[in-house]
Amino acid sequence: MADFLLELLSEEIPARMQEKASADLARLFEAEIAKAGLAAQTVETYATPRRLTLIARGLPAATEAVSEETKGPKSSAPPQALEGFLRKTGLTREQLTERDGILFAVVEKPGRATTEVLAEAIPAIIRAFPWPKSMRWGAASQSTASLRWVRPLQGIVALLGEDVVPFEIDGITSGAATLGHRFHHPGMITIGSAHDYAEKLRACHVILDPAERRGIIEGGARAIAEARGLHVIPDPGLVAENAGLTEWPVPLLGDFDPAFLEVPREVIQLTMRTNQKYFACVDASGKLAPNFICTANIVATDGGAAIVAGNRKVLAARLSDAKFFWEQDLKVPLAEQAKKLDQIVFHEKLGTVADKVERVAKLARWLVEEGVVKGADPGHAEQAARLAKADLVTGMVGEFPELQGVMGGYYARAEGLPHEVADAIRDHYKPVGQSDDVPTAPVTVAVSLADKLDTMAGFFVIDEKPTGSKDPFALRRAMLAFIRMVESNKLRLKWLDLFRQAADQIYTPALAARLSDWGVLGEGLAEVRPPDFPNPDDEYGPDQQAIWSWTVEAKEVDAATFHAPADIAAFLVDRLKVQQREAGIRHDLIDAVFALGGEDDLVRLLARVTALQAFVATEDGANLLAGYKRAANILKKESVTPAQAGVHQEGGAGGAMDPGLRRDDGLGLGFAPEPAESALSAALEVAEAAASSAVAQENFEGAMAALAGLRGPIDAFFDSVTVNDVDPAKRAARLGLLARIRGAVHRVADFSKIEG
């Protein structure tokens, strides 16, 4: 057994590509050598800014001999079939093996030296490497068939044990020599084997393992910050990026003019992070400190003073730009900025951002006035919605799009607008992802909900729904955010009404303008017939023809608006099931609640699901489920539907299949019920009433506790009573009891959907 070392030395590999490149190298290597029957015990990959490395441990010296068998025609097949098979395999008839009347070509392939396999595999891997972006270079780049790599490839180390694996690719010959640190050790290093590779690089100021470099950066930054009484703001992504930019990382602490702290904190942090890859610091009170930590790639003879000074100068220029944008933006009120939104197209079929703002403002006010969002001032909700997108046209957001919303909140506060309005402007995009905070302030909730509802309604109306893996307008994310907001804030709403209200505001801007010219545009699209509209069968001129075509389009949009709420509701159900499964809720329990139908209160629906999950995990739940399924199976076999039994879908009971047994001890039945029948009927009377009362109070745990009391009577009934009695009256009454069991349970969920 021997270890194989592969190093691909190049110009700087972008930090963002290194992790995936390491994974791709391991994947391609294992797949390529597997074609020859080789496998390593372990495969390790590493990346630095200048090299991509793989170490495959425990490779055999050669592949094993293999026997390849190819099935041929029957021995009695026509000569033409046999001749074709012989040509394909290159064998003679005498060399074929016959088994059970079938001819086989058996070819013994001798083992190959691992060195030979690797010499073929590595060039194939290099040429097939899936860089997100790659380039050609040098004279060979004139041909599209030339080698492509992320940056010019400079050298290849390929060692199996201590021996070079010889191959050449586009003039680059494999060997045992590489380069050390670009500044500390720019000369050649001769590698002995995979065993001394990492240590030889370390001696030449190259730390191979990215995890070790990350640890040095994180620990070093923390140490120098704490020495000044500061704390580094945690940023794992920035740590990884700095590790991808350095082979010998050296964290250094610098400072900047405290006057820049007048600029919002997020701007300073983003400027340092995005443009300079610096870490930000806070003081003991948590306030942003006028300091930064940069990561050098060398050990400077002056302790890093010159490096820090240079970085300070560059940062000062960046912060000066940010301060300029901040000061200029403050001179223009948000209401004035908002007037420019009609110059930004939101979507060609949905109009400008100004159009969207108008819709969101109306919807936000409606949410408050209708009591969907409680505790908010409707005027504040509308004002916040009208100003929420205004910062899109500011200089600061133009420079840092990531700060949209955040900057609007700062500008609103600087103007002296109510805090509720400023907070809503700042947070109305939230929650953006699963880890993002969910807004709870009423005005913010109203604006955020309205914004997301308008987006979903708009794209559903114009038939730009998510399909398969494609979701260009992030509607799945918008719906999950909607669900989280409703759930977290316990918003009691009928979602179909909500979607209908949002969809009713959508219309194509061009159509709206034309209809407005005719003076027929109302609040919606219900009435779009222009004045003096001609009969379509009559002859009419160009102007009337245009009016007719626009009216047809209006009707199409109106139809889409009509169908959109139901489509969005179906989309919500689909996303809700996904979200609940990811939260650990069993899919069958979700289906059991949804199967009841008619539930469009998200809070109540999720309460049912949660209570059901807890209940079925108990012994009473399992036993009730077993009893329910036994009853349901008999009813199914006898083709007794809820309608036939007089049992409503939501769980009401009574009717033809239950002729009086539910209210007396047999008088009028024509037979005396058995004790177990009477006991079950009495238990059902109690359970039905208690479950109905609990469901009405949305106490689903209590409803299930009431149903759990049926466990004993159901067991006793099945143990001692024959349901399908020869007496039609007894059979009908007993099937009625089973229908009542099914109906009682269906007050909470459709247990037929529950597995187990």
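The values are calculated or read from the model by the stated rules, or taken from the named source; none is laboratory data. Quantities reported herein were computed from a predicted structural model and do not represent experimental measurements. Cβ: placed from backbone, ideal geometry, glycine included. Neighbour counts: every protein chain shown.
For the reader, a short list of remarks on this structure follows.
- Against the numbered list (1) part of a helix (DSSP H, G or I); (2) over 16 Å from the mean Cα position of the chain (by Cα), residue 478 comes up short only at (2).
- Filter result for residue 213 (part of a helix (DSSP H, G or I), surrounded by 15 or more Cβ atoms within 10 Å (Cβ to Cβ) and more than 28 Å from the chain's Cα centre (by Cα)): yes
- Which numbered condition residue 23 fails, given (1) among the small types (Gly, Ala, Ser); (2) part of a loop (DSSP other than H, G, I, E, B); (3) modelled with pLDDT of 90 or more: (2)
- For residue 688, the test of being more than 22 Å from residue 597 (Cβ to Cβ), part of a helix (DSSP H, G or I) and either of a type outside the set (A, V, I, L, M) or at pLDDT below 85 (or both) is failed.
- Only listed residue being assigned to a helix (DSSP H, G or I) and without any contact (Cβ under 8 Å) to a residue 12 or more places away in the chain, chosen from 310, 371: 310
- Qualifying residue in the stretch 63-83 (condition: surrounded by 15 or more Cβ atoms within 10 Å (Cβ to Cβ) and part of a helix (DSSP H, G or I)): yes
- Residue satisfying all of: in the stretch 227-256; touching a Pro at 6+ places or on another chain (Cβ under 7 Å) and within 28 Å of residue 324 (Cα to Cα); surrounded by the most Cβ atoms within 10 Å (Cβ to Cβ) among these: 256
- Only listed residue being exposed (fewer than 15 other Cβ atoms within 10 Å of the Cβ) and polar (S, T, N, Q), chosen from 95, 154: 95
- Leading residue by the ranking (farthest from the chain's Cα centre (by Cα)) among those in the stretch 261-312 that are among the hydroxyl-bearing types (Ser, Thr, Tyr) and closer than 23 Å to residue 15 by Cβ: 295
- The single condition among (1) outside any helix (DSSP H, G or I); (2) in contact (Cβ under 8 Å) with a residue 40 or more places away in the chain; (3) over 43 Å from the mean Cα position of the chain (by Cα) that residue 115 does not meet is (1).
- Considering (1) part of a helix (DSSP H, G or I); (2) of a type outside the set (Asp, Glu); (3) without any contact (Cβ under 8 Å) to a residue 60 or more places away in the chain; (4) within 22 Å of residue 495 (Cβ to Cβ), the lone condition that residue 431 does not fulfil carries the number (1).
- Looking only at the stretch 1-32, and only at residues there that are crowded, with 16+ Cβ neighbours inside 10 Å and within 16 Å of residue 133 (Cβ to Cβ), the one that is nearest to the chain's Cα centre (by Cα): 17
- Checking each residue in the stretch 190-209 for being under 22 Å from residue 300 (Cα atoms), aliphatic (A, V, I, L, M) and assigned to a helix (DSSP H, G or I) picks out 201, 203.
- In the stretch 389-409, the residues that are of a type outside the set (A, V, I, L, M, F, W, C), surrounded by fewer than 24 Cβ atoms within 10 Å (Cβ to Cβ) and not in a loop (DSSP other than H, G, I, E, B): 395, 398, 399, 401, 402
- Taking each residue of the stretch 390-402 that is hydrophobic (A, V, I, L, M, F, W, C) and looking for partners that are in a loop (DSSP other than H, G, I, E, B) with beta-carbon atoms closer than 7 Å, six or more apart or interchain, yields 392/344; 392/404; 397/404.
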